[in-house]
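To keep things clear, I will list the structure first and then write my remarks on it.
The values are calculated or read from the model by the stated rules, or taken from the named source; none is laboratory data. For clarity, every value in this text was computed on a predicted model and none was experimentally measured. Every residue, glycine as well, gets a Cβ built from its backbone with ideal geometry; the counts of neighbours run over all protein chains shown.
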Amino acid sequence: MASHNHEDAVTERRLKPIYDNLDNGNYKVAMQSADKLLKKHRDLHCAKVLKALALLRLYRVQECETLAMTVVALKPTDEPTLQALSICFREMNKVELIVEIFSNAVKTQPSEEYYTHLFMALVRLEDFKRQQQTAMSLYKLVPKNAFYFWGVISAVMQALNSDNSLGQKMLLPLAERMVEKMIKEEKLEGESEVNLYLMILDLLGKHEKALEVVGGTLGKSLLKSQIPSRDERIAELFFKMQKWDKAYQAFREMLIKSPDNWLYYTRYLTSGFKLRENGWKPPDTGSEENATSHEDCNNTNKEESQTTDYDLPEMAAFISERIANEEEKVREKTGKALRGPYLAQLELLLRLSTQGKLEEGPQAGSIEDVLVRYFGLFADKTCCFSDLTPYLYMVPELERRSCLQRMEELVELKVNDGAMVYATSVKQLQRHLTSLKISRFYGFHDALSSEEKGNLASELIKRYKEGLSFGKGLLDTDLQYSDEYLLMAVHLLVDVWHDTEDESVLWRCLILLKIGHKHSQSSHHIKLLLMRFYCMAGVFTTVPSLYDGLDIKHMQQDTLGYNALKYAKSLGQLSSAGQFYNSTLRFFISGRREVTEYMIASYRFGTYEKIPEFLNFSTKIKHSLHFAHTAIEKKLLDILKESEKEGKSFTEFVRNMEIDPSQGTAEWDKVTDQRDLNIMVSWNPPHRQMSADDKAVSLRQETSWVKLRDYLLRLLAVSIDLQPQTSTHALTESQNNREKNVVDNKGDNYNAKESGKSLLQNFEDLLQACSKDQETRQKFPIQGPPTPLTIEYLDGNLGTVMALSFHLVQESYKINEAVADESSQSIQDSFCKHCEKLKNTLQESLKRSRRGLVRDDGEKRVLDREVLTELTLLTETSVYLVYLLGIACRNLSGLKNKISKRNKKKKNTPKPLPECIGTFQSMVEDIGQIIAGLQTAIRELESNAKSLDKNQLTLTYSRDQSEEFAEGESELWATVSESYQESLKELSELLQSKQELLPNL
Amino acid sequence: MGKSEGSVAQETWHGHVTALTVAPEYRRLGLAAKMMNILEEVSDRKQCFFVDLFVRVSNEIAVDMYKWLGYTVYRRVLEYYSGDPDEDAFDMRKALSRDKEMKSVIPVKEPVRPEDVE
C-alpha cells in the first residue's frame, strides 16, 4: 500500500506542471510537457487526457476527442485520469461520456466516490431512471440515508417527467413505499426527508395521510424549521381536501395571530364562502351544546344561531374585530395600523359583489365609506393605489365622482382663488398622487378634452418640479417623491398625442423624461418609458446605457429583454445589436448550466423539494421564445455582417454555423413566454390596460415573426447546399481542416432540395397568413409590448423579395442539374418570371422608402420616424439577396460551362445558351442599379440627419419655456442627429461592402 | 434570501442574510423588519449562534434599520462592493439565544479585507 501511495505521489508531481499550465492558459506548453512525459511513460493515461484537454482549449476539437476516446477505450479506473476526463467532457458538452467512464469504473472499482460522480453525471444528463438505479447501488455499498433518498427523489423526478399515468400508477407509489419502508425501520433522520415524503403524498393527492404525518410524531420530531409552520401546513391540507369547515377554523385561528397575512385571509374567505354555498351546518356537537339549547327551548332559534356561526355576519364580525384591534393600536399609539384587516373587508365585499349579492353583506351600500376610510388611512403609502385597484370598480359608475371627491377632500390640497396650492409635505404629496391615480383609473382623464389634458399635464409638471424640493437629501439610489407626477404628465401627453397626432408631443415627452431621468437616476419606470420613447423616435445610441442602467440580471434578461430586442437591429445599430444578443445568449447558455450546478447542490444538501423547481426553471428558459428569437437574430446578424468578409465565403460561413435546416430553432409547441408585460406602470382605466387577450395576441404576433425569421435562417442555410459542390471546396488548407472538424449537424434524411422546397412553402404560407390576419396589425398601449417587425416587413414586401430569391436559387439548381434539356423548360420559364418579379418588387420597395428624414405636415415640419426602420430592413434584405444571387449565378455558370463543353464536342449544331442566362444577367444588372439607389437614399438621409439640429425649432413646439427644458431640447436634437447618423453610417458601410459582391456571369 | 452556514464547533454556525430588498412601492410598511424577524426565528430554531449581514456603509437607511432591529457593527470590510469607486461594507451582527454571553458580537476594531472574510 505504501509503495502504491509513493507511486501516486510521483505521478502527481510529474503531472503538476501540466495542470499549472492548463490553469494559466498556456495550453501549448501544457501540450508539449504532456508529450515529453508520454515519451518516457507511454501508459500514463492521465497525461494523455491532459494533452487532450490542452488540444480542446486550442480549439482542436477533433484531435482532442480522438485522443480522449483512446483513453476511454482502456477503461481507466485511477482517480486523476477520471477527473481529467470529466473536465474534458464537461467542456466538450458531452456529459454522456462522463457517465460512460464512471459506469466502467464502478464495475471494477465500486467506491462511494465513483458512484457519486456517476450519479451527478446522470443528474447533468437528466437520466432519472439510471439515477435511481445508481443511488440504490450506492446505498447498498454505503448505507447512508442521503443515498437512499437520492433514489427516492430520482423516482419522483422520473414520475414528474414521464407521461402522467406511468408516474401516477407506478413511480410515485414506488417512491411512497420506499420512504415508508424507512419509516417502518425508524430510519428517518431529517426534515428534508419528511418534506420529500410530504411532496410525494401531495403529488399522489394523499392529503389525509399527509395530515397524519404533519400532526404525528414524524412532524413533531423532524419538522423543526417550521417554514411553513405546522399549523399552516395542516390548514393548507384541509383546504386542499376541501374540508372547508376545518380549513375555515384553522385559517381563522392563524389570522388571530397573524392579522396581516393576505394568504390566510383569502383562504379563510374562500372556505367561508364555500360553506355558505353548500349550505353547511355544523354537526351536532354533543351534550354541552344540547344543554344550552335546553335553556333556549326554541329549536328554530338554535338552528339559526348555528348556521350563522359560519356565515357572513360571522366573517364580517371577525374582520371587524381585527380592524378594531388595529384601531386600538393606533389610538394607544402602540403601533401602526396594518393594511391586511382593512383590505380583507374590501375583499369580502368584492366576493359578494361578484356573486351579485352585495345587498346581503353587512355593509351594504357603504363600499364608498370603506374605500374612503382606506384612503384616509393609507393614501400616503405608494402602494395604496395598487391595494385598491381590485375594489375601486365596485362603486357604481354614477357615484365614482363623489367617491373621488371625498378622497380629494382628505388630501386637503384646496385650490385657493384659482391659484395652485402645492403639497407641503411628502405625505400630502403622496396622498395627492394616490387621488390622481384613482381619478385616472376611473377614466376621468379620458373624459377631458385634448386641451384640458394638456393643461393638466402642465399642472402636474409644475407640481413635479415643486416636489423635487422634498427630495434634495435623497441618495442616487432613492426614487424622487414626485417622479409619478412626471410620469402621469407624460401619460396624459401620450393621450394628447394619440388624440391629435401632433408629433411635437412625442418630442416633448422625450425631453420631460430626460429631465426626469436626470433627477431620479434609479427610477426604472422613467428609464423604461424613456427607452421606449427613444426607440419610437428611431434613436438607439442612448438605449444601451439606459438598459445597462436598469441593472438587468439573470432571469430579467428573459423577462425584460423584449424592451430592447426589437429595436437594436431595426434601428440600424448593428454593432449594438450584436453586443445585446451576446449578453442575452450568455445568460441563456450559462444560466442553464448554473441551474444544473444548483440541482447538484440540492442533491448534496438534501433540499429535495427544490430539485423539481430547478428543473422546471431550466426547462422554461430552454424553451423561452425570447431565447429562440435572440439566437436566430444573432445568427442572421452574423451572416449579414460577417460572411463574405476576410476571405470567408457565404457558403463556408453558413456551413460553419452548423444549422440544421430540417429542424426549427425552437420546439414551437413548447415555447414559453416569460416577458413581464406589466413592468411599466400604468394607471389607465382597466379597458385601456394590457388584457389577458392582448397578451395572447402579442405572443401570437411574436411567435409568427420569430417563425418567419427562423424560416429565413433555415432557407439561407439550405441554399448553400443547392449549388455545384465544387465551389465549396475551393478552400485554403486551414479552412479545409476546420471543415473536416465541423460535425455535420444535419439530420440523416436531409435532402436539400426537398427541405428547401418545403421551407419555402412554409415561409410563403406564413407570410400570407400574417398579411391576411387582422391580428398582425394590432397595437398595444405604450406601456405594453412593442409589435414585432412583421408589419414593416410585409408593407415593404421584403418577404416577397426573399421568397423570390430563394425560388431563383432552387430553380437555378434544378436547371443546372437537368443541363437545360427540354425537361427543365417549365422551370426555366418560371425562373425568368421570378427574375422579372424580383426586380420589380425590389424596385417598388425602394421607391416606397425613398424619403427625406423631415417631411412637411401642414404648416409644421416633422421627423419621419418610420423611414430608418424601412431602410434597415431593406438593406438587410438586399444583402441576403446579393448572397443568394451569387449562388444562383454559380448554378447558371455551371450550366453555361456544361453547354459550352457539349458544344465543343458537337461542333456542327451548337446549342444556343438558354434564355434564362441572359434574363438573369440583365436582372442582376438592374438589381445593381436598385441597390445603388438604396445606397444613395441612405446617404441622403445621412446628410439630412447631419443638418437636423438646424431645423429643431420647426420640429418641436412647446409651451414650456424653462431653461431646463430648452437645454434638454437642444441636447435631444444633438442626440437624435448623432444617432441617426450612426445608424445610417452603419447601413451605408454594410451595403457598400456587399454591393461589390454582385455576381457577374 | 438567506442561509445558515458555518461550523457549530467553532461557534460560527449562523444565519446569513444574502439579500434583502423591498420593491419601492412597498417601502415604509415595515416589510423588511418582518422578513428579518422570520430569518432570525428560523436561525434560532436551527440553533444558530448569531445572524449576520453585509451592508453598504453609505446605505444609512438600511444601517439605521438594522441598528433599530438590534444589530451592531461587528467590523468594517474594506472595498467589499466593487464599483467605481469600490465601497466598504459593515459586517453587522445580532446574537441569538444560543450565544448567551454574546461572544459573537464583540466588535473587531481593525477593518478587514474581503479576502479575510469567510
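Remarks
- Hey, B:Lys3 more than 14 Å from every other protein chain (Cβ to nearest Cβ) and either free of Cβ contacts under 8 Å to residues at least 40 places away in the same chain or in a helix (DSSP H, G or I) (or both) or not: no
- Within the range A:144-166, the residues that satisfy the criterion of being free of Cβ contacts under 8 Å to residues at least 12 places away in the same chain and outside any loop (DSSP other than H, G, I, E, B) are A:Asn164, A:Ser165, A:Leu166.
- Residues (surrounded by fewer than 19 Cβ atoms within 10 Å (Cβ to Cβ) and more than 9 Å from chain A (Cβ to nearest Cβ)) located in the range B:18-44: B:Thr18, B:Ala19, B:Leu20, B:Thr21, B:Val22, B:Leu31, B:Ala33, B:Met35, B:Asn37, B:Asp44
- Selection of the range A:173-219 for residues being among the hydroxyl-bearing types (Ser, Thr, Tyr) and either buried (at least 19 other Cβ atoms within 10 Å of the Cβ) or in contact with a Gly (Cβ under 6 Å, 6 or more places away or on another chain) (or both) yields A:Ser192, A:Tyr197.
- Breaking point among (1) part of a loop (DSSP other than H, G, I, E, B); (2) in contact with a Gly (Cβ under 7 Å, 6 or more places away or on another chain); (3) within 12 Å of chain A (Cβ to nearest Cβ), for B:Gly15: (1)
- Contacts under 6 angstrom Cβ, first residue in the range A:436-452 being under 15 Å from A:Trp497 (Cα atoms), partner charged (D, E, K, R) and surrounded by fewer than 22 Cβ atoms within 10 Å (Cβ to Cβ), 6 or more apart: A:Ser450/A:Asp499
- In the range A:230-257, residue farthest from the other protein chains (Cβ to nearest Cβ) [restricted to those that are under 27 Å from A:Lys336 (Cα atoms) and loosely packed, with under 15 Cβ neighbours inside 10 Å]: A:Glu253
Yes/no matrix, rows are residues, columns are (1) out of contact with any helix residue (DSSP H, G or I) (no Cβ under 9 Å at 6 or more places or on another chain); (2) of a type in the set (Gly, Ala, Ser):
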| residue | (1), (2) |
| --- | --- |
| A:Ala316 | no, yes |
| A:Val330 | no, no |
| A:Lys336 | no, no |
| A:Arg351 | no, no |
| A:Gly356 | yes, yes |
| A:Leu377 | no, no |
| A:Tyr391 | no, no |
| A:Ser402 | no, yes |
| A:Met407 | no, no |
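- The residues on offer are A:Ala210, A:Ala235, A:Ala247, and the sole one that is farther than 30 Å from A:Leu312 by Cα and modelled with pLDDT of 95 or more is A:Ala210.
- Residue check for B:Gln47: within 14 Å of chain A (Cβ to nearest Cβ), closer than 21 Å to B:Ser104 by Cα and assigned to a loop (DSSP other than H, G, I, E, B): yes
- Unmet requirement for A:Ile552, which otherwise passes all of (1) outside any loop (DSSP other than H, G, I, E, B); (2) under 20 Å from A:Lys622 (Cα atoms); (3) among the hydrophobic types (A, V, I, L, M, F, W, C): (1)
Quick grid of which residues meet (1) more than 14 Å from every other protein chain (Cβ to nearest Cβ); (2) at pLDDT below 95; (3) under 43 Å from the mean Cα position of the chain (by Cα):
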position: A:Glu314; (1), (2), (3): yes, yes, no
position: A:Ala344; (1), (2), (3): yes, no, yes
position: A:Leu349; (1), (2), (3): yes, yes, yes
position: A:Gly356; (1), (2), (3): yes, yes, yes
position: A:Gln363; (1), (2), (3): yes, yes, no
position: A:Leu371; (1), (2), (3): yes, no, yes
position: A:Leu377; (1), (2), (3): no, no, yes
position: A:Asp380; (1), (2), (3): no, no, yes
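- Check on A:Glu189, touching a helix residue (DSSP H, G or I) at 6+ places or on another chain (Cβ under 7 Å) and not in a helix (DSSP H, G or I): yes
- Residues of the range B:52-78 satisfying the condition of being within 17 Å of B:Val108 (Cβ to Cβ) and part of a strand (DSSP E or B): B:Asp52, B:Leu53, B:Phe54, B:Val55, B:Thr72, B:Val73, B:Tyr74, B:Arg75, B:Arg76, B:Val77, B:Leu78
- Filter pass, A:Arg401 being free of Cβ contacts under 8 Å to residues at least 40 places away in the same chain and either within 14 Å of chain B (Cβ to nearest Cβ) or surrounded by fewer than 19 Cβ atoms within 10 Å (Cβ to Cβ) (or both): no
- Filter pass, A:Phe385 being away from chain B (no Cβ under 14 Å) and closer than 18 Å to A:Gln689 by Cβ: no
- Residue pairs meeting the criteria (Cβ under 7 Å; at least 6 apart or on separate chains; first within 12 Å of chain A (Cβ to nearest Cβ), in the range B:58-69; second of a type in the set (Asp, Glu)): B:Ser58/B:Glu87
- Here A:Ile227 passes the criteria (1) within 14 Å of chain B (Cβ to nearest Cβ); (2) buried (at least 20 other Cβ atoms within 10 Å of the Cβ) except the one numbered (2).
- The range A:494-511 - residue that is surrounded by 24 or more Cβ atoms within 10 Å (Cβ to Cβ) and free of Cβ contacts under 8 Å to residues at least 60 places away in the same chain and, of those, nearest to A:Asp551 (Cα to Cα): A:Cys509
- Subset of the range A:787-834 (residues that are surrounded by 18 or more Cβ atoms within 10 Å (Cβ to Cβ) and not in a helix (DSSP H, G or I)): A:Thr787, A:Pro788, A:Leu789, A:Gly796, A:Asn797, A:Ala820
- Residue within the range A:481-489 that is assigned to a loop (DSSP other than H, G, I, E, B), within 14 Å of another protein chain (Cβ to nearest Cβ) and within 30 Å of A:Pro390 (Cβ to Cβ) present: yes
- Test for B:Glu87: is it surrounded by 12 or more Cβ atoms within 10 Å (Cβ to Cβ), farther than 20 Å from B:Ala33 by Cα, in contact with a strand residue (DSSP E or B) (Cβ under 9 Å, 6 or more places away or on another chain) and not polar (S, T, N, Q): yes
- The range A:650-665, residues that are part of a loop (DSSP other than H, G, I, E, B) and either of a type in the set (Val, Ile, Thr) or free of Cβ contacts under 8 Å to residues at least 12 places away in the same chain (or both): A:Ile659, A:Thr665
- Scanning the range A:211-224 for residues that are within 14 Å of chain B (Cβ to nearest Cβ) and either among the polar types (S, T, N, Q) or under 39 Å from the mean Cα position of the chain (by Cα) (or both) turns up A:Ser221, A:Leu223, A:Lys224.
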